[in-house]
Each structure stands twice: as C-alpha cells, then as structure tokens.
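First up is the structure itself, then whatever we jot down about it.
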Amino acid sequence: MVGPRCGPAVAARRGSVGPVSPSDPGLFSVGPAADDGPSANAGAWSPDRPVDPHAPLAARMRPRTLDEVAGQQHLLGPGAPLRRLVEGGSPSSMVLYGPPGTGKTTLAMLVAGATGRHFAQLSAVSAGVKEVRAVIGDARTRLRSAGEQTVLFIDEVHRFSRTQQDSLLGAVEDRTIILIAATTENPFFSVVSPLLSRSLVLQLQPLTDADIAVLLDRAVTDERGLAGGYSLTDDAKRHLVALASGDARRALTALEAAADSVDATATSPAGGPSTGDPAVIDLTAVERAINRAAVRYDRSGDQHYDVTSAFIKSIRGSDVDAAVHYLARMFEAGEDPRFIARRLMIHASEDVGMADPTALPVCVAAAQVVQLVGLPEARIALTQATIHLATAPKSNAVVTAIDAALADVRQGLAGGVPPPLRDGHYPGAAKLGNAQSYIYPHDRPGAVVAQQYPPDELVGRDYYRPTGYGAERALAERVPRLRRTIRGEAAAENGSAAASTSPPSEGRS
C-alpha cells in the first residue's frame, strides 16, 4: 500500500524522515519491538518525549496533549471522565471500546503521562500470563521502592483468554497497576465480568470527516509530520477522508504513502527537476499510492442519494448483481455501515415483507454484526443480507396495509372499541358491559370464531392484501378464509339458499 521510498533530496525537504512501512512497530507501540520481552514497551512516557524521525507518520503525529486529540468530546469535554483522569483525578482502571484508529493507545499514554506514571504496554496477540505477571511484579517493586504507579496498557484485550484476564484481577483490585485495556469488540461479550466490574467502560466513536480533515491538515504542516514540504489539494483530502472511514491511522498512513509517491515521481527521469516549492499531493498521487480509485460519492451530496436510490431500486427490482455493485460503491466510499444496515432492515419489510418472512431477521442479524464486529468483516454480512433481499420473492403488501390503515385513521375512521374487546379487569368494568360477551378463540375448534374486532365504522375493511408470491401465496388462500369465519360470512354461506342470496349489509361485503 505504501509507495516508493523517498530519495535524498526529498528526505532533506521532509526533514529527517526516512522510509515508512505500515507494518512498522512504531505505528503501534513506543520503544523497541514488542518481542524484546514483557517490558519492552515500558517506559516513563512523557508528551515531551523525542519523536523518532524514522517512525511512521501516524506515530510521529500522535497527540501530545488532550487538546490535540480529535473527536471523543463525550469523554474529553469539561468534567468528562477521561479529562478528569488525565488532569490528575483519582486513578481508575478502564476499558476503552471503539473502532481502530480512534485514539485508544494515545489516550492510554496521556493518562500515563499526566502525573508521571510509569507506562507499560502489552499486546494480547503475543503476550501471555507469564508476561502479565512479569509486568505486575515490576509494577509492585516500582510502587514499593519509589512510590511510582504503573499504567498497563493492553491492546486487543478481547484476545486474552479467561485465565489471562483473571491474572490481572488482584493487581487491578489493589491498584498495583492502573489497567487501560483497549478492544474493538463489545467488552460485555469479550471481557470477564470481574474485570469489567473493576473498570470504567468508555466507548470511543469513529472520528468524523471533519476530525480526519483536521488531522490531515495538521500532519501536512506540523514539524513532526510533513513540515510544510507538501500541499494537499481539496480533492486529495476528500479522498483520504473517505478512505479513512473514521480511522486516523489509516488516513495518515495513506497520506504518507501519497507523499512517497509524489517524491518518486519528482525524482524519476520523467519527473523533471525538483524545485524548492512545496510538492503537490493531488488526487492522482493518492490514487497511485494506494492503488484505489476515488469513488465519486459525497456522503452528504447528490452521489450519496443517487447511489443509495439505485441500491434500493436494484433490490426491489431483483437485480442482485446491480445491488451488490452499488453496495460495493458505498463500502469503497466509506459509507457508514449502520446506514446501510438500516436501509436493508427497512426494505426487508417494505419490498419483501411476508413473501419471505425470514428476510427481516436476516437483516437485523446483519445490523448486529455491524454493531458487534464492525468493518471490514461486517461487509460480508451486509452483502449476504443484500443478496437475500434481492433474490427473495417480493411483496409490498405490508407497507400498503399500514398506509391504508393510517389513511383511514387520519380521516377520522377510528370509532369506539367494541364492548366485548374492552378491558374488563378493573372494578366496575362489568357494569359498563366491558368484555362480557367476549369469546375466547382457544375455547373453540380451530381457534377462530365469528366475532367483531374492528370499530363499527371499519367492519369489512380489508387492509392486508397478500400477493401470490413466495410464502405469501399460502396467506393469499388463508386470509380470506379467516375473514369469512371471523365476519360470520362462512356461516351465512352454509345457511339456506334464501339467506345466501340476500344482499349483504352495508359495510360488510
């Protein structure tokens, strides 16, 4: 994903920044590589700590103060829990729950550096009980000898087994360590209850487009970043923001790759001589660097509504291939997956309805996958739901039924509830005639009896008209039989010929 390495001339323009790799451990940790031992990532972290000029851009631009943190104002505003903790409030262990690139590691470091606490970091991907116990032992020694408290940051804590999580309980309980655990999965499903009960659970939200744009602008101008050696065009910025999908690390990694791409072009034989002016990172450079074309899709403009409309109409028209195409365009443009899930749930009822009653549960399940798992894996569940809806038999009988009923109610056709159906549980209800002649259907064969359910003004009104498609075909046969029985028409049909040929009463045909 990262473009060519920069040459000497460009390195001089960018300061002392060297080659960048998205797998560089500096992007995710502080200090030596994580495999140097359990305390490899430990240290007395400080916002004034020198920045490694060879670290990836995302690591160099890590916020040094709360004021530099983008988003998360619900946790960082005046009096909010994280701000109180960073500004010297009573230490408390916490679980930070949120998508990647939203600042979990940064916030952990700010908490550690707030009062000079020792900072130790483990990754649940590679660490085990042995490494956890080693850090706790070091923290206990440090606390007794120097009175220095340790903040232990554990990334991906949901990957710890129950035994590994339980090994933290004692040290968290007596505050030998202040635990800050980060997870991208719902902690109420992935973290043991005893650990949750000893911690604050704080949910981080994806960064907004405006937050990502601020971070990109800062990275272009800040001495820790590109130091003004580049200018970023508006089109390129919009594409980077769309690619980020609320992930700051992804946005900054893509920006750095685009800068490398510009450098490679400028120093190639066909690129012409380099000047002292800021190099321009344009849309072409971004597309070239990350090998992804910009999708013409403004999440708040015409393209958003046009693509969404085409997606919905393709599902309604049973064109599964077109529906998947428009779904892919929404994914690629960074559309909020929760928006997609909501549209699918709506159309499971509106366009499929009772023709396939399993459609709605499938879409609700896909929405739960979005909530519990998130992207990129949630794209599979949303695609499954899209394919289910597009290939399902179609019926709009559900939406036409409720719309017809609402139209009658709005026109004043909402008479009194028939006395047999009224509540009869309070004293005096019987004197009012409530529920006195109600027939309990389960007492009769077939559990369907002739009885008036709607108000007088609506007797005989049909709202639900099942189609002959899919599972609704059986309802198209069953519903008329139910209506005839409930309305007493079946008994009339079995009566005398004279009775059967009599004109029906008004409103009951």
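List every residue pair whose Cβ atoms sit under 9 Å apart, with the two residues 6 or more apart in sequence or on different chains, where the first one lies in segment 55-80 and is free of Cβ contacts under 8 Å to residues at least 60 places away in the same chain and the second, anywhere, is assigned to a loop (DSSP other than H, G, I, E, B) and aromatic (Phe, Trp, Tyr).
Going by the 9 Å Cβ cut-off, the qualifying pairs are 59/28.
Assess whether residue 120 counts as being touching a residue at least 24 places away in the same chain (Cβ under 8 Å), more than 15 Å from residue 182 (Cα to Cα) and either in contact with a helix residue (DSSP H, G or I) (Cβ under 6 Å, 6 or more places away or on another chain) or not in a loop (DSSP other than H, G, I, E, B) (or both).
No: the conditions fail for residue 120.
Of the residues 137, 103, which single one is crowded, with 24+ Cβ neighbours inside 10 Å and modelled with pLDDT of 85 or more?
103
Exactly one condition in (1) out of contact with any Leu (no Cβ under 9 Å at 6 or more places or on another chain); (2) buried (at least 16 other Cβ atoms within 10 Å of the Cβ) is false for residue 386; which is it?
Failed condition: (1).
Among the residues of segment 111-150, what is the count of those that are among the basic types (Lys, Arg) and either outside the structural domain of residue 178 (by TED's automatic domain parsing) or under 20 Å from residue 86 (Cα atoms) (or both)?
Matching residues across segment 111-150 total 1.
Tally up the residues in segment 360-406 that are among the hydrophobic types (A, V, I, L, M, F, W, C), in contact (Cβ under 8 Å) with a residue 24 or more places away in the chain and under 30 Å from residue 457 (Cα atoms), please.
Total meeting the criteria: 7.
Would you be able to say whether some residue in segment 243-258 is surrounded by 21 or more Cβ atoms within 10 Å (Cβ to Cβ), within 30 Å of residue 117 (Cα to Cα) and of a type in the set (A, V, I, L, M, F, W, C)?
yes
I'd like to know if segment 315-332 contains one or more residues that are of a type in the set (Ser, Thr, Tyr) and modelled with pLDDT of 85 or more.
Within segment 315-332 (the criterion being of a type in the set (Ser, Thr, Tyr) and modelled with pLDDT of 85 or more), the answer is yes, since at least one residue qualifies.
Filter segment 190-220 for residues that are closer than 30 Å to residue 262 by Cβ, of a type outside the set (D, E, K, R) and crowded, with 17+ Cβ neighbours inside 10 Å and give the result.
If the condition is that a residue be closer than 30 Å to residue 262 by Cβ, of a type outside the set (D, E, K, R) and crowded, with 17+ Cβ neighbours inside 10 Å, then 206, 207, 212, 213, 215, 216, 219, 220 are the ones that fit.
Can you tell me which of 110, 57, 152, 122 is under 28 Å from the mean Cα position of the chain (by Cα), closer than 17 Å to residue 200 by Cβ, modelled with pLDDT of 85 or more and of a type in the set (A, V, I, L, M, F, W, C)?
152
Which of the residues belonging to segment 223-242 are loosely packed, with under 15 Cβ neighbours inside 10 Å and over 15 Å from residue 262 (Cα atoms)?
223, 234, 235
Give just the number: which of (1) in contact (Cβ under 8 Å) with a residue 12 or more places away in the chain; (2) closer than 21 Å to residue 400 by Cβ; (3) of a type outside the set (Ser, Thr, Tyr) does residue 313 not satisfy?
Result: residue 313 fails condition (1) only.
Residue-by-condition table, conditions (1) surrounded by fewer than 13 Cβ atoms within 10 Å (Cβ to Cβ); (2) of a type in the set (S, T, N, Q); (3) more than 30 Å from residue 340 (Cα to Cα):
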{"position": "395", "(1), (2), (3)": "no, yes, no"}
{"position": "399", "(1), (2), (3)": "no, no, no"}
{"position": "403", "(1), (2), (3)": "yes, no, no"}
{"position": "412", "(1), (2), (3)": "yes, no, yes"}
{"position": "422", "(1), (2), (3)": "no, no, yes"}
{"position": "438", "(1), (2), (3)": "no, no, yes"}
{"position": "445", "(1), (2), (3)": "yes, no, yes"}
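The values are calculated or read from the model by the stated rules, or taken from the named source; none is laboratory data. Owing to the predicted nature of the structure, the values given are computational and were not obtained by experimental measurement. Every residue, glycine among them, receives a Cβ derived from its backbone with ideal geometry; neighbour counts consider all protein chains shown.
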